[in-house]
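The values are calculated or read from the model by the stated rules, or taken from the named source; none is laboratory data. Computed from a predicted model, the values in this text were never measured in an experiment. Glycine gets a Cβ as well: all are built from the backbone with ideal geometry, and neighbour counts include every protein chain shown.
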């Protein structure tokens, strides 16, 4: 049996917590996207203004908006005083019932954000840009799917093609999808392919996908979704030679969900994640672990 290296949770966890009662992010924190620009770390995250102990309350999801925090080391974070940096829209906008699931890349001096807007069967993916990472200009909806969540975008190092991985609830429990585009917004979602991971048992809900490229391979950090609130959920790792055909590598990276891999240097990574049992749950925080080693050995 292959002996895998381990990721070590930071002793100072959690690194980001909900705000005080009555604030825009008082309820809970969720899906995060972390990147470095120069010497500064940027985190974008979804947050609830209100969250009760109920497993599902649609009205509470309407309070979701996207925030921003910065750090000099990826461990100690400061929330942006202008938060939320991507607010939900006006009553006539598709994202009136919340903005959530941000994913951000910094390319050609521009912060590019893909995000979800709306709720239930009226939610979709959209795109926004910013020059400073704080003031974002919405560029509109890029899908007409409804019932989507958990988007991650990666740009192929070799071809420049953008690849999106996301969850499409109309196909549950086998709902993980993959689609590509020559640019940031022209994804042919009607031709999205189903993502199957060799070595996993189906039907099963394997979601929260985050994909990176390293040493000529593609790696997907994902979790098994267990109701309620991912009570027993664990982050897993799969690898691929082409971004489409996946093989499970590990089913025990860390307990938790919504994991995101951030490269820090040669064979050094941060893994940002939500704690086990707190998916969409009141007072959910954001945590981090450090992994020293090759992804092939995680």
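Among the residues of the range 1-49, write down those that are in contact with a helix residue (DSSP H, G or I) (Cβ under 9 Å, 6 or more places away or on another chain), buried (at least 18 other Cβ atoms within 10 Å of the Cβ) and part of a loop (DSSP other than H, G, I, E, B).
Answer for the range 1-49, where residues must be in contact with a helix residue (DSSP H, G or I) (Cβ under 9 Å, 6 or more places away or on another chain), buried (at least 18 other Cβ atoms within 10 Å of the Cβ) and part of a loop (DSSP other than H, G, I, E, B): 27, 49.
Considering only the range 219-235, state which residues are surrounded by fewer than 24 Cβ atoms within 10 Å (Cβ to Cβ) and assigned to a strand (DSSP E or B).
219, 224, 234
Among 126, 164, which is under 16 Å from the mean Cα position of the chain (by Cα), crowded, with 17+ Cβ neighbours inside 10 Å and more than 17 Å from residue 34 (Cα to Cα)?
After applying the criteria, what remains is 126.
Would you point out which residue out of 30, 67, 49 is in contact (Cβ under 8 Å) with a residue 12 or more places away in the chain, closer than 25 Å to residue 138 by Cβ and more than 17 Å from the chain's Cα centre (by Cα)?
Among 30, 67, 49, only 49 is in contact (Cβ under 8 Å) with a residue 12 or more places away in the chain, closer than 25 Å to residue 138 by Cβ and more than 17 Å from the chain's Cα centre (by Cα).
Considering only the range 68-84, how many residues are outside any loop (DSSP other than H, G, I, E, B) and within 17 Å of residue 37 (Cβ to Cβ)?
5
Looking only at residues in the range 85-101 that are in contact with a strand residue (DSSP E or B) (Cβ under 6 Å, 6 or more places away or on another chain) and in a loop (DSSP other than H, G, I, E, B), which one is farthest from residue 32 (Cα to Cα)?
Of everything passing the filter in the range 85-101, 94 is farthest from residue 32 (Cα to Cα).
Condition check: modelled with pLDDT of 95 or more and assigned to a helix (DSSP H, G or I). Does residue 296 satisfy that?
yes
Can you report the number of residues in the range 241-279 which are within 24 Å of residue 24 (Cβ to Cβ), touching a strand residue (DSSP E or B) at 6+ places or on another chain (Cβ under 7 Å) and either touching a residue at least 40 places away in the same chain (Cβ under 8 Å) or assigned to a loop (DSSP other than H, G, I, E, B) (or both)?
Residues flagged as within 24 Å of residue 24 (Cβ to Cβ), touching a strand residue (DSSP E or B) at 6+ places or on another chain (Cβ under 7 Å) and either touching a residue at least 40 places away in the same chain (Cβ under 8 Å) or assigned to a loop (DSSP other than H, G, I, E, B) (or both) within the range 241-279 amount to 7.
Picking from 85, 104, which residue would you name as being over 15 Å from the mean Cα position of the chain (by Cα) and surrounded by 17 or more Cβ atoms within 10 Å (Cβ to Cβ)?
Residue meeting the stated conditions: 85.
If you go through the range 51-67, how many residues are more than 19 Å from residue 85 (Cβ to Cβ) and either in a strand (DSSP E or B) or out of contact with any strand residue (DSSP E or B) (no Cβ under 9 Å at 6 or more places or on another chain) (or both)?
Total satisfying the criteria: 8.
If we keep just the residues of the range 184-212 that are assigned to a strand (DSSP E or B) and over 16 Å from the mean Cα position of the chain (by Cα), which is surrounded by the most Cβ atoms within 10 Å (Cβ to Cβ)?
197
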